[in-house]
Amino acid sequence: MNSFTNLVNIARRKALFDQSNPWSNGSSTYVEEIQKEIQEVAEEIAQDRKPYLEDELGDVLWDYLNLVLALEKEKGIKLNDVLKRAARKYEERISGVENGILWKDIKEKQKAALAQEQASTLPPKRT
């Protein structure tokens, strides 16, 4: 995981650079780039060229990290919170499947909990 931490630190340095860079369009820049990179990953899977595939997967990861860091500034998203949420979500799913629960049932339960969490963050409706 040391390589991941190193990559995150490099992405954080780049996020500082992006703040004063006119080419950057914030999070939308990285959403577009991820879409392009996913297509390149698919092409490399088909061509079965391992070094190129690893390179393209790295590009997806790079753009994803940059997206999250842009969203930190734009929406208050925190990379650590995203990682914690993903670990919790998939631990629950994998543990559930290992214990005979259907993936779709676990996913439904998680979606309901997510909707409830979102509803609890909204201000009360005025009547």
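The numbers here are math on the coordinates, done by the rules we state, and not lab data. Computed from a prediction, not measured in an experiment: that's the story for all the values here. Neighbour counts are summed over all protein chains in view; Cβ atoms, including those assigned to glycine, are modelled from backbone coordinates with ideal geometry.
Simple spin-label estimate for THR127 and ASN6 gives 6.0 nm between the two label positions (7 Å along the Cα-to-Cβ direction from each Cα). Largest GNM mean-square fluctuation across GLY100, GLY26, GLY76, computed for the chain with C-alpha springs under 10 Å, falls on GLY100. Only helical runs count toward this figure. For the chain, summing -39,500 (n - 2.57) over DSSP H runs of n ≥ 4 and dividing by all residues gives -28000 deg cm²/dmol at 222 nm.
Model label sites at ASN99 and GLN116, defined 7 Å from Cα along the beta-carbon direction, differ in position by 1.6 nm. Taking trypsin sites (Lys or Arg not before Pro) as exposed when their DSSP state is a loop state and no more than 16 other Cβ atoms lie within 10 Å, the longest site-free interval of the chain runs over 1-48.
Extension gain, ARG88-ASN21: 0.36 nm per intervening residue step, less the Cα-Cα distance, totals 20.6 nm. If I take R0 = 22 Å and measure r between the Cβ atoms of TYR52 and VAL31 in this structure, what FRET efficiency does the formula 1/(1 + (r/R0)^6) give, to the nearest 0.05? Using R0 = 22 Å, I get an efficiency of 0.40. For the range 21-127, the ratio of Cα radius of gyration to the globular rule of thumb 2.2 N^0.38 Å stands at 1.40. The reciprocal of the average 1/r between distinct C-alpha atoms defines the Kirkwood hydrodynamic radius, which for the range 1-77 equals 13.2 Å. What the Cα convex hull of the range 78-127 gives, in volume per residue, is 75 Å³.
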